[in-house]
Amino acid sequence: MKNIESIIDAVYQGKRLDTDAAETLYHNAPLLTLGSLANHLRYQKKPDPIVTFVVDRNINYTNICVSRCKFCAFCRPVSHPDAYVISKSALDQKIQETLDLGGTQILLQGGMHPDLSMDYYLDLIKHIKDRFDIHIHGFSPAEIAHMTNMSNQTYDQTIDQLIQAGLDSIPGGGAEILVDAVRRHISPNKCDTNTWLKIMEIAHEKGLPTTATMMFGHIETPSQMIAHLVRIRDLQDKTKGFTAFIPWSFQPDNTSVHIRKATAWQYLRVLALSRVILDNVENIQASWVTQGDKIGQLALTFGANDLGSTMIEENVVAAAGVKFRLSTNDMVRLIQTAGFQAVQRNCVYESKKVYESLNTNDFIR
Amino acid sequence: MILSFKDKQLYPIKEKVESDIRLTRNDGLILYETSDLIGVGALADFMRRKRHGNTTYFVYNQHINYTNICKNRCLFCAFARDRHDSGAYMYSTDQLREILTQNKSDRLKEIHMVGGIHPNAPFEYYLDLLKTIREIRPDVHIKAFTAVEIDHLTSISKMSLADTINALKEAGLNMVPGGGSEVMSDRIHQKLFPKKMNRNQWTHVMKTIHAQGLTSNATMLYGHIETPEERIDHLIQLRDIQDETGGFTAFIPLAFHSQNTKLSHIPPTPAYLDLKTTAIARLMLDNFGHIKAYWVMLGEKLAQIAQTFGADDLDGTIIDEKITHSAGAVSSKGMSRDQLINMIRSAGFEPFERDALYQPVRKTA
């Protein structure tokens, strides 16, 4: 086992972290050491003290889901009184509100519905694109795998059809931990590791940008968490299609997994490690939705350069008992009081609006 | 210690910290000005570990606020009421007795009791409060009455300050909490709490308390209208008092919560400011034993992180916090001993259950 100093030296010299070194670092490096290494790499990749965010809304077209993952508090069976499939009028209203609030995109995701056909999804996209000038970041690989199975076609065909209908990018959800031993236990009905990676690879090849996520803090071991990061890095070497990586911690309330929630300490360690391992991913997002505004801000010095979305609406994490809220003003203040310039971006990280900087005394206030 | 600082200005300060050389006012200002939060944290962490290793202290305690009726009406307070306001209350000794008998745990080691400056309660009322606690809980330490309250009690006891303190001691008082100094600046005093004692009076009362053989804490309410200069000057004034008396046990930075106060336009303190203030307090107050991360105000998550930004104490279980919660605190009103131990352990620190005077209750295995 290499000692921490030599591993850190190697990283400073631009060497890639292998699995062993990553484990050593994760288990043994003090939090601030890990943080300063991640912060160093963040500035190497993004030299300007800028933190970006996007104004968007999560729209969940249905909560009916056959996957029934153990960690989920959002899904409902078809016959449940709270089960829904969104109406077109509700959808239109939500999108109009998003645009009115300066939003540039919607995150369109939903459960794995047992009856909806491919035409439903394609029509959903076309309906939106016919009426609104808005970026659709939609359908995680788990949903794409599900709709492909339902319609007896190939992933290739499904993704082509989605692109043709107007899909702009794919969110990195449903990755959980990309190790089948973990997936079999927590989300047995969801696509396996190879399928998730395959769908992302096809999307990237077709020029569709995607993000990648990781949900940690449940049954996974640190080695499995690191394996997940390395799998994302390997695919990124091949395709360069991931725009951002977003690690977030499992929220156990209202789910059937009864464990102690990952602490802020663990979150910051995993976040920093993600920045160090993922040397080929540009943007690392802080998850204020699961961590709250204080740790969300702190994440900006532990490797994150992006605060994700203002999330005008968010239902899935809220269903698990966590309801943090941030307005655009709050988001900007959070960024500025940490000494960064706040920039609203779009889904592909182009700058939309640059906010005036505060003077030094204001930010240390 | 950290391998390298992002801000080169921190190297001379590092030299001083490593050689136990006292930091100057200017050093303090550099620490507030820098954007190298991790660097500031690493300096404080070095000093914290030199004093306490990886031990974090906590106490099984209970907060009691005997009245919210207060004639001072400080602008930053959401707790105070006038006598005829709805919600105004003052505990009778019977009510106090009832509250004390609700919690039967023999782990309880500290009662923290403070209240408003009531316009006409007699001195005997306060003695009776202490005697009631002493009667029901003969073994707990009573930490009660800030310097502001003790000054007020002196005015109604018709005795000297020293005699008043001794009368309170005789009735059961063991220690004095650190509240009421807010920010020791004439400007802030004029603007925010003109009816309350000023910094010279506070200093005089504290020195007298220490001279009578009682220890006390010290605090600073930050995150409202004060400047970094005023914060550093506050810390230096405390350091000077401590040089003279040695009577301060712990310093507790208090993050201002503005909801329901006359300053409700002021946003919550940024996590950056919270951690900087914790770390800078550790670094400037070289003659203080302990720096607390008060989880009620920081939130549980940030308080956990503060353990590596200079804090060595997480206060305690508290049970029913009222003052900060009336100003919109989102933390719990109390925490179990288990939760506190988990907050400490899961960050790699060793919990040390203490009493009010920092004597060990038992090493938690």
Inset, instruction - Kindly check whether there is at least one residue in segment A:269-289 that is surrounded by fewer than 20 Cβ atoms within 10 Å (Cβ to Cβ), more than 18 Å from A:THR33 (Cβ to Cβ), of a type in the set (S, T, N, Q) and at pLDDT below 95. - result: no
Legend entry - Output for segment B:92-106, where each listed residue is loosely packed, with under 13 Cβ neighbours inside 10 Å and in a loop (DSSP other than H, G, I, E, B): B:LYS104, B:SER105, B:ASP106
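Given B:SER258, B:SER181, B:SER264, which one is over 30 Å from B:GLU170 (Cα atoms), of a type in the set (Gly, Ala, Ser), part of a loop (DSSP other than H, G, I, E, B) and in contact with a helix residue (DSSP H, G or I) (Cβ under 7 Å, 6 or more places away or on another chain)? So that I can check it myself, show each step before the final result.
Details: B:SER181 fails: over 30 Å from B:GLU170 (Cα atoms); B:SER264 fails: in contact with a helix residue (DSSP H, G or I) (Cβ under 7 Å, 6 or more places away or on another chain).
Just one listed residue meets the conditions, B:SER258.
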Legend entry - Of all residues in segment B:222-236 being buried (at least 20 other Cβ atoms within 10 Å of the Cβ) and away from chain A (no Cβ under 14 Å), the one that is farthest from B:HIS152 (Cα to Cα): B:LEU235
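Mind counting the residues in segment B:295-327 that are within 14 Å of chain A (Cβ to nearest Cβ) and of a type outside the set (D, E, K, R)?
Within segment B:295-327, the first condition is being within 14 Å of chain A (Cβ to nearest Cβ), and the residues that meet it are B:295-311, B:314.
When the remaining residues are screened for being of a type outside the set (D, E, K, R), the result is B:295-299, B:302-311, B:314.
Final tally of qualifying residues: 16.
Under the condition of being under 16 Å from B:PHE349 (Cα atoms) and in contact (Cβ under 8 Å) with a residue 12 or more places away in the chain, which residue from segment B:43-53 is surrounded by the fewest Cβ atoms within 10 Å (Cβ to Cβ)? So that I can check it myself, show each step before the final result.
Taking segment B:43-53 first, the residues under 16 Å from B:PHE349 (Cα atoms) are B:44-53.
Checking which are in contact (Cβ under 8 Å) with a residue 12 or more places away in the chain leaves us with B:44-48, B:51-53.
On the way: B:ALA44: 28, B:ASP45: 23, B:PHE46: 18, B:MET47: 20, B:ARG48: 26, B:ARG51: 14, B:HIS52: 19, B:GLY53: 12.
In this case the residue turns out to be B:GLY53.
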Legend entry - Odd one out for A:SER187 among (1) crowded, with 22+ Cβ neighbours inside 10 Å; (2) touching a residue at least 60 places away in the same chain (Cβ under 8 Å): (1)
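Out of everything in segment B:267-280 that is part of a loop (DSSP other than H, G, I, E, B) and at the interface with chain A (Cβ under 7 Å from one of its Cβ atoms), what residue ends up being modelled with the lowest pLDDT? Quick ask: steps written out before the conclusion?
Step one: filter segment B:267-280 for residues part of a loop (DSSP other than H, G, I, E, B), giving B:267-270.
Okay, now just the ones that are also at the interface with chain A (Cβ under 7 Å from one of its Cβ atoms), so B:267, B:270.
Working: B:PRO267: 93, B:PRO270: 97.
The selected residue is B:PRO267.
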Legend entry - Members of segment A:282-332 that are within 12 Å of chain B (Cβ to nearest Cβ), polar (S, T, N, Q) and outside any helix (DSSP H, G or I): A:SER327
Legend entry - The lone exception for B:ASN287 - which of (1) buried (at least 23 other Cβ atoms within 10 Å of the Cβ); (2) under 22 Å from B:LYS143 (Cβ atoms) it fails: (1)
Inset, instruction - For segment A:47-59, name all the residues that are away from chain B (no Cβ under 14 Å) and not hydrophobic (A, V, I, L, M, F, W, C). - result: A:THR52, A:ASP56, A:ARG57, A:ASN58
Inset, instruction - Residue by residue through segment A:5-54, note down the ones that are touching a residue at least 40 places away in the same chain (Cβ under 8 Å), closer than 24 Å to A:GLY339 by Cβ and not in a helix (DSSP H, G or I). - result: A:LYS46, A:ASP48, A:PRO49, A:ILE50, A:VAL51, A:THR52, A:PHE53, A:VAL54
Legend entry - segment B:332-349 - residue that is in a helix (DSSP H, G or I) and crowded, with 21+ Cβ neighbours inside 10 Å and, of those, nearest to the chain's Cα centre (by Cα): B:LEU340
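Mind checking which residues of segment B:93-109 are within 27 Å of B:GLN359 (Cα to Cα) and either polar (S, T, N, Q) or modelled with pLDDT under 90 (or both)? Let's see the steps before the verdict.
Of the residues in segment B:93-109, the ones within 27 Å of B:GLN359 (Cα to Cα) are B:96-97, B:99-109.
Once the filter is applied, which keeps residues that are within 27 Å of B:GLN359 (Cα to Cα) and either polar (S, T, N, Q) or modelled with pLDDT under 90 (or both), segment B:93-109 yields B:THR101, B:GLN102, B:ASN103, B:LYS104, B:SER105, B:ASP106.
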Inset, instruction - Please give the number of the condition B:THR56 fails out of (1) in a strand (DSSP E or B); (2) over 23 Å from B:GLU353 (Cβ atoms). - result: (2)
Legend entry - Some residue of segment A:130-142 being surrounded by 15 or more Cβ atoms within 10 Å (Cβ to Cβ) and over 23 Å from A:ASN346 (Cα atoms): yes
Inset, instruction - Tell me, yes or no, whether segment A:206-216 has at least one residue that is under 16 Å from A:LEU178 (Cβ atoms), modelled with pLDDT under 95 and surrounded by fewer than 24 Cβ atoms within 10 Å (Cβ to Cβ). - result: no
Legend entry - Residue satisfying condition, being more than 24 Å from B:MET343 (Cβ to Cβ) and either of a type in the set (Asp, Glu) or within 14 Å of chain A (Cβ to nearest Cβ) (or both), within set B:SER19, B:SER92, B:SER35: B:SER35
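Given A:LEU229, A:LEU235, which one is over 12 Å from A:SER274 (Cα atoms) and surrounded by 15 or more Cβ atoms within 10 Å (Cβ to Cβ)?
Working: A:LEU229 fails: over 12 Å from A:SER274 (Cα atoms).
Result of the check over A:LEU229, A:LEU235: A:LEU235.
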Legend entry - Filter pass, B:TYR125 being assigned to a helix (DSSP H, G or I), closer than 25 Å to B:LYS196 by Cβ and modelled with pLDDT of 95 or more: yes
Legend entry - Residues of segment A:331-357 satisfying the condition of being at pLDDT 90 or above and of a type in the set (Asp, Glu): A:GLU350
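Surrounded by fewer than 16 Cβ atoms within 10 Å (Cβ to Cβ) and more than 25 Å from A:GLN251 (Cβ to Cβ): is that true of A:SER89 in this structure? Walk me through how you get there before you give the answer.
On the way: surrounded by fewer than 16 Cβ atoms within 10 Å (Cβ to Cβ): yes; more than 25 Å from A:GLN251 (Cβ to Cβ): yes.
Yes; evaluated as a whole, the condition is true for this residue.
Of the residues B:GLU321, B:GLU353, which is of a type outside the set (Phe, Trp, Tyr) and part of a loop (DSSP other than H, G, I, E, B)? Reasoning before the result, please.
Numbers: B:GLU353 fails: part of a loop (DSSP other than H, G, I, E, B).
Exactly one residue qualifies, and that residue is B:GLU321.
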Inset, instruction - Return the residue satisfying two criteria in turn: it lies in segment B:94-147 and is free of Cβ contacts under 8 Å to residues at least 12 places away in the same chain and over 25 Å from the mean Cα position of the chain (by Cα), and of such residues it is farthest from B:GLY180 (Cα to Cα). - result: B:LYS104
Legend entry - Candidates A:ALA38, A:ALA29, A:ALA10, A:ALA22 - the one that is more than 11 Å from chain B (Cβ to nearest Cβ), buried (at least 21 other Cβ atoms within 10 Å of the Cβ) and in contact with a helix residue (DSSP H, G or I) (Cβ under 8 Å, 6 or more places away or on another chain): A:ALA22
Inset, instruction - Exactly one condition in (1) out of contact with any helix residue (DSSP H, G or I) (no Cβ under 7 Å at 6 or more places or on another chain); (2) within 23 Å of B:PHE46 (Cα to Cα); (3) hydroxyl-bearing (Ser, Thr, Tyr) is not met by B:SER326; state its number. - result: (2)
Inset, instruction - Quick one: count up the residues across segment B:243-263 that are under 21 Å from B:PRO228 (Cα atoms) and polar (S, T, N, Q). - result: 1
Inset, instruction - Can you confirm whether segment A:341-360 contains a residue that is over 17 Å from A:VAL55 (Cβ atoms), surrounded by 23 or more Cβ atoms within 10 Å (Cβ to Cβ) and either away from every other protein chain (no Cβ under 13 Å) or more than 15 Å from the chain's Cα centre (by Cα) (or both)? - result: no
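The values are calculated or read from the model by the stated rules, or taken from the named source; none is laboratory data. This structure is a prediction, so every number in the text was calculated from the model and none was measured. Positions of Cβ are generated from backbone atoms using ideal geometry, with glycine treated the same way; all protein chains shown enter the neighbour counts.
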